[in-house]
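Worksheet: the structure to be examined is printed underneath.
The values are calculated or read from the model by the stated rules, or taken from the named source; none is laboratory data. Quantities reported herein were computed from a predicted structural model and do not represent experimental measurements. Here the Cβ positions follow ideal geometry from the backbone for every residue, glycine too, while neighbour counts run over all protein chains shown.
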Amino acid sequence: MKRHLFTLTLLALILAAGIPALAQDTVGVSAEVIAAYPNPNVIPLEIDDSLLYDRAYRSVEGEMQVFDAPNGNLIETTGDGFSYVTIYNTGVAEGWAQIAPDKWVRTDNLTEVLPSRFAGVLLPDEPLPYTMAWTMRHLRPAETPGGEPSDNNPFLYRYTRVNLYASVEVDGYTWYQIGENQWVHQFNVAKIEPIERPADIDTEKWVGVDLYEQVAIAYEGDKPVFATLISSGLKDWGTNEGLFHIYVRYERTPMSGAYQQPDFYYLQDVPWTMYFDHDIALHGTYWHDGFGYRHSHGCVNLSITDSHWLYEWSATEWDFTVPNDTGAAVYVYSSGEYDD
C-alpha cells in the first residue's frame, strides 16, 4: 500500500495553477475550472498489433517438461514455477508445441496469454497545468473526500487518465479531486511527477524510475517527454535505487532464475530489454497486466508498446563505434514509502 510523505494543500494547488482561491466552505475547484481543462493534454502511444501479436505466448501450468521431439526424449524438467514460453510450431504432432529448435512441450498444460494493451503518454512541451494520473483499478469516485463510491459518478476503467485538480487530507491520507464532485483515494491513482535532473546524470536522454508511484519518465535534458506505468521488484526482490546506465540491449532474450526452487521463473523471448544494473533491466512484459504495482524479481516491467518506444528512443544515446560506451542513464528513486 502507498503512503505519501507529504501532501500538497488545496490552496497550494490552486495558487500554483493560477486559479483564484475559492470560498473557504468550498471543497475542490469549480465546474467551470474543470470544463476549461477536462482532460490531460497528453498523447498516448499508438498500439501496434504487429508488435503485440507477432508471437504466440503461452503460460505453463505446473511443471515444465521439455523434450527433444514430439514423443521424444525428456531433456529438461524445471519443476513447478512461473514459466512462459513462445510457440513456433504446433502442426507436427497433435498435443505438442515447439518452443525452440529441438525443444518441444506438451500443449495440455499451456494457456494462451494476451499481452497488455496499456500504453504510456507523450508529454507536451509546456508543463501540464495539473498533475496527471492513471486510475489503478476500476472505480466510481466518491462525491466528497473520504466518502464512499457514488453511483452518481461515472464508472472509470483502470488506466483512465485523469487530472488531479485539488487534494484534501482525510485521516492521514490524500484524496484527489478528478472531476466535479469526484474524489479518489491516493491508493487508487499513480501520478506523473517530473523531478529535477540529478547533477550526476551525464547523458542527454535519461529515464527516471519512481518506485513509489510505479511510474517511469523519460527526459531529454531537463524536459520530460514521455511517462508510463511500470512494475518494479516485489518486497523480497526489490529494485535497487541509484544511478545506472544501460549497458546492453536485446530485442528478444530469455530470462530465468531460481532453477528448481519454489520461486523458479522462466520467461522466453522477453522483448525490448535494456540491462542497467547487473541482471536488472527495463523490458517489455507480455505475461501480466499489473502495471502500477510491484510485480517482478527486480526488473522494471513495461508494456510491450512502452518498452519498444524506450528501446528506440534511447538508441541514439549509444555510440556503437566507441568501445565500452554505455547508453542512457537510468535514475531509480522513491518519492515516498510503502506501508509494507
I need the strands (runs of 3 or more DSSP E) fully contained in segment 1-104, keeping only those with at least 1 residues that are at pLDDT 80 or above, under 27 Å from the mean Cα position of the chain (by Cα) and crowded, with 16+ Cβ neighbours inside 10 Å. 56-60, 82-87
Which of (1) free of Cβ contacts under 8 Å to residues at least 12 places away in the same chain; (2) in the same structural domain as ALA31 (by TED's automatic domain parsing) does TYR176 not meet, given it meets every other one? (1)
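If you go through segment 290-314 one residue at a time, how many are among the small types (Gly, Ala, Ser) and in a helix (DSSP H, G or I)?
Matching residues across segment 290-314 total 2.
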Taking segment 285-333 and the residues there that are among the charged types (D, E, K, R) and more than 13 Å from the chain's Cα centre (by Cα), the one that is nearest to PRO44 (Cα to Cα) would be GLU312
Taking the stated definitions as given, is ARG249 of a type in the set (D, E, K, R), surrounded by 14 or more Cβ atoms within 10 Å (Cβ to Cβ) and at pLDDT below 95? yes
TYR165, sole failed condition from (1) of a type outside the set (S, T, N, Q); (2) closer than 23 Å to ILE230 by Cα; (3) touching a residue at least 40 places away in the same chain (Cβ under 8 Å): (2)
Going by the structure shown, is MET255 in contact with a helix residue (DSSP H, G or I) (Cβ under 9 Å, 6 or more places away or on another chain) and either part of a strand (DSSP E or B) or surrounded by 14 or more Cβ atoms within 10 Å (Cβ to Cβ) (or both)? no
Residue by residue through segment 28-51, note down the ones that are touching a Phe, Trp or Tyr at 6+ places or on another chain (Cβ under 8 Å) and either among the aliphatic types (A, V, I, L, M) or on the phi < 0 side of the Ramachandran plot (or both). VAL29, VAL33, ILE34, TYR37, PRO40, LEU45
Just checking, how many residues over segment 300-325 are farther than 23 Å from ASP202 by Cβ and of a type in the set (A, V, I, L, M, F, W, C)? 2
Step by step: first the residues of segment 285-321, then only those that are among the small types (Gly, Ala, Ser) and within 14 Å of PHE244 (Cβ to Cβ), then the one that is surrounded by the fewest Cβ atoms within 10 Å (Cβ to Cβ). Which residue is that? GLY298
Any chance ARG161 is of a type outside the set (A, V, I, L, M) and within 19 Å of SER116 (Cβ to Cβ): yes
Pairs, first touching a residue at least 12 places away in the same chain (Cβ under 8 Å) in segment 297-312, second among the basic types (Lys, Arg), C-beta under 9 Å, six or more apart: SER303/ARG117; THR305/ARG117; TYR311/ARG249
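Scan LEU243, LEU282 and give me the residue that is modelled with pLDDT of 95 or more, part of a strand (DSSP E or B) and surrounded by fewer than 22 Cβ atoms within 10 Å (Cβ to Cβ).
Exactly one residue qualifies, and that residue is LEU243.
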Is there a residue in segment 262-278 that is surrounded by fewer than 23 Cβ atoms within 10 Å (Cβ to Cβ), outside any strand (DSSP E or B) and without any contact (Cβ under 8 Å) to a residue 24 or more places away in the chain? yes
Conditions (1) assigned to a loop (DSSP other than H, G, I, E, B); (2) in contact with an Asp or Glu (Cβ under 8 Å, 6 or more places away or on another chain); (3) at pLDDT 95 or above: number failed by VAL330: (1)
